Amino acid sequence: MYDPYGAVEAEAPVPFMVPPPPPSMPYLYPDMAMPSMPPFGMYSGVGMPPPGMFPMDDQTPLLRAWSYGGASSNDYRRRAGAGLAVGKVRSASMVRSKSSTGGKKVKPNGKKEGKSDPTIKWGEALYTGCKDDVALMQLLEDIETPAGRAAIMPNLLQVVGDLACHVRGSKVLVVLFDVGDAEQKRLLVGALVPVMLHVTNDAHGCRVVQKAMDFASPEDLVRMAGAMEKDVMSCIESMYGNYVIQKIIDVMPPESCSFIIRAVQTEPAEIASHMYGCRVVQRLLEHCKLGQMSEIIEGIIEDTARLSQDFFGKNVIRHVLQYGSADHVKRVMRVITEDVVSYSNNRCSNGLVDKCLEVSTIGNHAQELQAERSALMQELLGDISSASPPFQQIMGDRFGSLVVQRLFDHARGSERGQLLRHLHGAEVLLRGTERGDQILALMRAEQAATS
């Protein structure tokens, strides 16, 4: 009881109550219990875990939160020792215990092991449990020496398909392509051919295949491409396989890409608007001859109106304008000119209006495209005396205003004067807006340059 004129009675201090820890979460494996997670949420791999979260003894497996990412063996060993490796849980028999083994590894049978032995049957170890970090570290050390590579290659070749599709095993193969001799690289490429389709469409395997193509001979490249011919369409539309198809187009002669062209010819417009297929079509337009691509380009041009306003198809139309013949460019420009206001004000196709002006002004076929260019410029600038001139409709749009800014680069002769007259008449409408101020700044710079 507090007495304002007397002494304060001593009260017993209230003990600080520590909140109980969160209940243990079920682990991925039924016979293991995962340690309680810290109150800030799941460990993200940034920094060190709280003390005691990953006990370092022979009875508790380590939770892995890192994978081999190009670091040195010492860095990787330190990460694994700190309990920061990713993927699986290492078995207790493979955990290092300095107190009981003197800092050396302990085999499952209890025997101590010194330096890594290249004669270990790495093929069997990698096939059944290559995801174990200790085995992977030894393998990465062994392949750095010619003797180590020669010892493990026979068994490793038996599991190339499994290694290529594993997050760390794929890095082993990439390193082998970097440090191996010509014969070892040839053997690795030969081992990849039978599993080409499966590995190509894998997130990690596609990188191994692309690396192999950098070192493959022309004969091996033909074999690798032939292994994919039976189902090339699945690779074209694959999130990962499309990169391998693009690599084939880059490194092989155009004549050897005929099987890809035949696949795209079945439905060129659909593949051109596909998220991953559009990339393949662009590579074909860059590297193959127009004679080979005639059917594909024809199918694309027939669907120009739709593809121009498609998020992926617009890139293919841009490539047709860049790499197509004069006749191909003329046909695309005629489609754009027919409804230039809609194409200019569309977020996808407004860049194609600019591309049409560019190729017809400074492109390879500029001399043959003068009639199409004049028609497009006339539609853009239009008649200033009309009630709603196309130029003002384009100028006031967030995407169309970008086309107006590009007109300063492409207008020639009397077109520049006509452009300035349009802008003078619309100066009040442009002033005060972000896009309008940018256009007016270009107009003033043009006036200053001509005065």
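Could you do me a favour and compute the accessible area per residue for the range 350-422, 1.4 Å probe, result in Å²?
Details: 3280 Å² over 73 residues.
Normalised by residue count, the accessible surface of the range 350-422 is 45 Å².
Could you run the Karplus curve 6.51 cos²θ - 1.76 cosθ + 1.60 with θ = phi - 60° over the range 184-195 and give me ³J(HN,Hα) per residue in whole Hz, x for Gly and Pro?
Going residue by residue, I get 5, 5, 5, 5, 5, 4, x, 6, 6, 4, x, 10 Hz, with x marking Gly and Pro.
At a Förster distance of 25 Å, what's the computed FRET efficiency of Q393 paired with A445, Cβ-Cβ distance as r, to 0.05?
Working: r = 24 Å, r/R0 = 0.97.
Efficiency for this residue pair is about 0.55.
Tell me the relative contact order for the range 251-394 as a rounded percent, counting alpha carbon contacts under 8 Å between residues six or more apart. Before the final figure, lay out the partial values.
On the way: 158 pairs, mean separation 26.9, N = 144.
Reported relative contact order: 19 percent.
Output the relative contact order of the range 325-450, whole-number percent, from Cα pairs under 8 angstrom with separation of 6+ residues. Kindly include the intermediate steps, with their values, before the conclusion.
Numbers: 112 pairs, mean separation 28.8, N = 126.
Computed over the range 325-450, the figure is 23 percent.
So what's the gap between the Cα centers of the range 266-314 and the range 180-253, to the nearest angstrom?
One Cα centre to the other: 23 Å.
How much length, in nm to one decimal, is gained on full extension between F408 and R306, taken as 0.36 nm per residue of separation minus their Cα-Cα distance?
Working: separation 102, 0.36 × 102 = 36.72 nm, distance 2.82 nm.
Stretched out fully, the F408 to R306 stretch lengthens by 33.9 nm.
Need one word for the range 152-307: rounded, prolate or oblate. Basis is the Cα gyration tensor (sqrt eigenvalues a ≥ b ≥ c); a/c below 1.5 gives rounded, then a/b vs b/c decides. Present the calculation step by step, with values, prior to reporting the outcome.
Details: a/c = 2.86, a/b = 2.06, b/c = 1.38.
Because a/c hits 1.5 or more and a/b exceeds b/c, the range 152-307 counts as prolate.
Note down the nm distance, to one decimal, between modelled labels 7 Å out along Cα→Cβ at D178 and at E267.
The answer from the label model is 4.1 nm.
Using the Cα gyration tensor of the range 336-399, with a ≥ b ≥ c the square roots of its eigenvalues, what is the shape: rounded (a/c below 1.5), prolate (a/b larger than b/c) or oblate (neither)? If you can, show how the numbers build up before the last one.
Details: a/c = 2.77, a/b = 1.44, b/c = 1.92.
It is oblate, given that a/c is not under 1.5 and a/b is not larger than b/c.
Placing +1 on the Cβ of each Lys and Arg and -1 on the Cβ of each Asp and Glu in the range 130-255, which of H166, L140, V222 has its Cα farthest towards the positive end of the resulting dipole?
H166
Just grab the label-to-label distance for N364 and M275, each label 7 Å out from Cα along the Cβ direction, in nm (one decimal).
With each label placed 7 Å out from Cα toward Cβ, I get 3.3 nm.
Roughly what would the spin-label model give for M239 and S325, points 7 Å off Cα along C-beta, in nm?
4.1
Quick one: what are the phi-derived ³J(HN,Hα) couplings along the range 345-354, Karplus 6.51/-1.76/1.60 with θ = phi - 60°, whole Hz, x for glycine and proline?
In residue order, the calculated couplings are 8, 8, 5, 8, 8, 5, x, 6, 4, 5 Hz.
Under a Cβ-only charge scheme (Lys and Arg +1, Asp and Glu -1), can you give me the dipole magnitude of the range 174-223 about the Cα centre, in debye to the nearest 20? Each step should come with its number before you reach the end.
Details: 5 positive and 7 negative charges, 24 e Å.
The dipole of the range 174-223 has a size of about 120 debye.
Pairs of alpha-carbon atoms within less than 8 angstrom and 6+ residues apart define the contacts here; what relative contact order does the range 161-213 have, in percent?
On the way: 45 pairs, mean separation 25.5, N = 53.
For the range 161-213, the relative contact order is 48 percent.
Compare R168, R412 by solvent-accessible area with a 1.4 Å probe and give them largest first, with all protein chains kept in place.
R412, R168
If you plug each phi of the range 407-417 into the Karplus form 6.51 cos²θ - 1.76 cosθ + 1.60 with θ = phi - 60°, what whole-Hz ³J(HN,Hα) values come out, in order, with x for Gly and Pro?
3J(HN,Hα) across the range 407-417, in whole Hz: 4, 5, 7, 9, 5, 10, x, 5, 5, 5, x.
The values are calculated or read from the model by the stated rules, or taken from the named source; none is laboratory data. Keep in mind it's a predicted model, so treat the numbers as computed, not measured. Methodologically, a virtual Cβ is constructed for each residue, glycine included, from the backbone with ideal geometry; neighbour enumeration extends over all protein chains shown. Ligands, DNA and RNA are stripped out before the accessible areas are found, and what is left, the full protein with its side chains, is counted by its heavy atoms. Shrake-Rupley method; radii C 1.70, N 1.55, O 1.52, S 1.80 Å.
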